[in-house]
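Trainee: First, the structure itself, so that you have it in front of you.
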């Protein structure tokens, strides 16, 4: 599975870690190998514009997800693109302390959160929220275990 990352902002980010995390989530969620995912790191001004245009909300946000294709529904002769996860590291890093997380942990959480949105999960209802945030925690924990074990 291909994960593409474009870093169009000025906050220092471990982009290799985010790509590895995204691949881990896609594998764990059994996303078909031919699916592509884009991670876009943008500044607060850019994400504020996207937030206004697509969500009708003013100001910057931490993550937006733009689904394109659902797994398994792309014709064989067409590219399979799961979608785009747009992250704003500046907002993520600023809010990390409010949630008692490190800036890197906050960005990892938002990456998983965005990918789960692309996979059709939501958190509008309490039951959906419990399921989505529970799965987020599981995926982050399994990624951390794998990272601690090192390359095999």
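Trainee: Which of the residues spanning the stretch 37-93 are buried (at least 16 other Cβ atoms within 10 Å of the Cβ) and in a loop (DSSP other than H, G, I, E, B)?
Mentor: Selection gives 43, 60, 61, 62, 68, 69, 71, 74, 88.
Trainee: Mind checking which pairs have a first residue in the stretch 48-59 that is under 19 Å from residue 89 (Cα atoms) and a second that is in a loop (DSSP other than H, G, I, E, B) and modelled with pLDDT of 95 or more, Cβ under 7 Å, 6 or more apart or different chains?
Mentor: 48/59; 48/60; 51/57; 51/59; 51/60; 51/61; 52/58
Trainee: Just one of the numbered conditions (1) closer than 28 Å to residue 48 by Cα; (2) at pLDDT 95 or above is not true of residue 81; which one?
Mentor: Looking at each condition in turn, residue 81 falls short on (2).
Trainee: Also, quick follow-up: Tell me the residue from 3, 25, 13 that is more than 25 Å from residue 71 (Cα to Cα) and in contact with a helix residue (DSSP H, G or I) (Cβ under 8 Å, 6 or more places away or on another chain), please.
Mentor: Answer to the selection: 13.
Trainee: How many residues, within the stretch 18-28, are touching a residue at least 60 places away in the same chain (Cβ under 8 Å) and under 12 Å from the mean Cα position of the chain (by Cα)?
Mentor: 7
Trainee: Of all residues in the stretch 1-36, how many are within 18 Å of residue 92 (Cβ to Cβ) and surrounded by fewer than 16 Cβ atoms within 10 Å (Cβ to Cβ)?
Mentor: Within the stretch 1-36, residues that are within 18 Å of residue 92 (Cβ to Cβ) and surrounded by fewer than 16 Cβ atoms within 10 Å (Cβ to Cβ) number 9.
Trainee: What residue, among those in the stretch 99-149 that are outside any helix (DSSP H, G or I) and over 23 Å from residue 31 (Cα atoms), is modelled with the lowest pLDDT?
Mentor: 124
Trainee: Could you list all residues from the stretch 99-133 that are over 22 Å from residue 70 (Cβ atoms) and surrounded by fewer than 14 Cβ atoms within 10 Å (Cβ to Cβ)?
Mentor: 99, 100, 102, 126, 130
The values are calculated or read from the model by the stated rules, or taken from the named source; none is laboratory data. The structure displayed is predicted, hence computed values, not measured ones. Cβ coordinates were reconstructed from backbone atoms using ideal geometry, including for glycine residues, and neighbour counts include every protein chain displayed.
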